[in-house]
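Report on the following structure.
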Amino acid sequence: MKENIRNEIIETKKLLRKQVLATILQQFDGKLMGLSQDNRKQKYEKMRENPYSFFRGSAYLFYYDVTDLPFTFHTPEDQPTWLLGDLHFDNISAFQNEQHDIVFDVDDFDEGYFGSYLYDVMRMVVSIRLMSSQHGYNEEDSDAFVERFLDHYIKQLEDFQSGTNDPVQLQFTKTNTNESIKSILVDLEQRQAELNLDSSVNNYDSIQLLMEDDHLISLSTQEKNEFTSVWEDYIDSVTASKKKKRNYYSVKDVMKKAGAGIGSTGLERYYILIEGEHGENIILEAKEARAPIPAYFFPYDEKFWYDHKHQGRRVVHTQQSMHHQADPYLGYFTLQGHDFYVRERSSLTGELKAQDLQDPKSMLETIKTMARITAKIHARADADIENGLMDYHSEEAILKAIQPNQKEFIQQLNLWSKHYQRVVEEDFLLFNEWLDGNSDFYGEK
């Protein structure tokens, strides 16, 4: 009898949570994103690879779970932070910035929004645990990694507050990084030097010749005409201080991109080869932008939406707020009722590989740098004081929430992230059960 009751309780909990998963997936991927069945299959196949991939592709589930939790360390609602909105291990990488410096920084701004800093921190520490588990680290290791992240996040904010560092100027290069991150940056600098010395580079008229990407699709004449008709709007949106002559942005070739990252599946994406000058081969990426996921769970902010009616502009503004040297090609436009943002598609990019995370020392150094970057993007809100969106410094508001009980802050986040890792891993199994039993996606089993 006791065994029957136990089984009933377990099965009931599983059934209810699976229904929550199905409802949220249908609301966001089906109704709000409007993903086709093929796109949903494509996305879910990526998500079912492991718990970390599932976590990356289900940000809406994360916000559904955590936004009503009564955490002690939130900043007041009237002192929000500019959030990345989808901070995790794979959204920080190496690339060439506006001044041609090779840096390590955040690289995905699609979910940028205003809210408590804590949501970025919470999402990051869970991703650290999931990534650590995926690479064979035990729970004790993960505890140390999370503590490392939180400790250096706080220390960096304190350095900003004291004036030891300036969040508007701080960037992470080979001079202030170590281990795997430094190695990636050095390799990119070598590639950069080789490209600068390569006299065989021609001025191309075809994106396909430059990229050799099997996922590029040619546009019909009508599609190309529709695209070029709105390109003037993009040129108008480029920041005046960075803008070049209009013919510099003339479209030489444009193709559509098929396939994308986990969270971006189903969003339209174009690659555009522009005229440039002096034999340059400049490829821009135009990506569709939707309302950010946190917006569906945070209190409605009238001023924010008044300033960011265009979703492409919101993404551009997020990147400009978080990067000291922002992409000079940032801009936005609307095509067939869909908002897009534009950025450079540089060949000089590098990401951490699985082998980079196998060594505990390298993992600790990587997490330390990621913590400092997280503090930097949050404190960069200083720039928005000038733009009228804030009248306070984010690092001061965050530290005011943390410093009176810093030890408890670290303990609470460590304990909670351990709990939520288990939630994600259990949800991952339920998600796979749901997929296997859903004939709409995978046919009869």
**Study point:** Evaluation of Arg191 against (1) buried (at least 18 other Cβ atoms within 10 Å of the Cβ); (2) assigned to a helix (DSSP H, G or I) (one fails), failing number
**Key:** (1)
Revision key, fill the gap. By residue number, the members of region 112-143 that are farther than 23 Å from Ile402 by Cβ and among the charged types (D, E, K, R) are Glu139, Glu140, Asp141
Check your understanding: Out of region 60-88, which residues are surrounded by fewer than 21 Cβ atoms within 10 Å (Cβ to Cβ) and of a type in the set (A, V, I, L, M, F, W, C)?
Key -> Val66, Leu69, Phe71, Phe73
Review point. If you check Val168 against the conditions, is it in contact (Cβ under 8 Å) with a residue 24 or more places away in the chain, in a loop (DSSP other than H, G, I, E, B) and closer than 29 Å to Arg380 by Cβ?
Key: yes
Point to revise | Residue that is surrounded by the fewest Cβ atoms within 10 Å (Cβ to Cβ), among those in region 16-35 that are in contact (Cβ under 8 Å) with a residue 40 or more places away in the chain and of a type in the set (Lys, Arg) | key: Arg17
Exercise for review: May I ask you to say which residue of Ile402, Ile398 is among the hydrophobic types (A, V, I, L, M, F, W, C), modelled with pLDDT of 95 or more and out of contact with any strand residue (DSSP E or B) (no Cβ under 8 Å at 6 or more places or on another chain)?
Suggested key: Ile402
Practice item. Select, from Tyr306, Tyr329, Tyr341, the only residue that is hydroxyl-bearing (Ser, Thr, Tyr) and over 27 Å from Gly115 (Cβ atoms). Key: Tyr329
Review point. Scanning region 299-314 for residues that are out of contact with any Leu (no Cβ under 9 Å at 6 or more places or on another chain) and crowded, with 16+ Cβ neighbours inside 10 Å, which turns out modelled with the lowest pLDDT?
Key: Asp301
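Does Ser439 fit the bill of being at pLDDT 95 or above and among the hydroxyl-bearing types (Ser, Thr, Tyr)?
Working: at pLDDT 95 or above: no; among the hydroxyl-bearing types (Ser, Thr, Tyr): yes.
No.
The values are calculated or read from the model by the stated rules, or taken from the named source; none is laboratory data. In this text, all values refer to a predicted model and were calculated from it rather than measured experimentally. Virtual Cβ from ideal backbone geometry, glycine too; neighbours counted across all protein chains shown.
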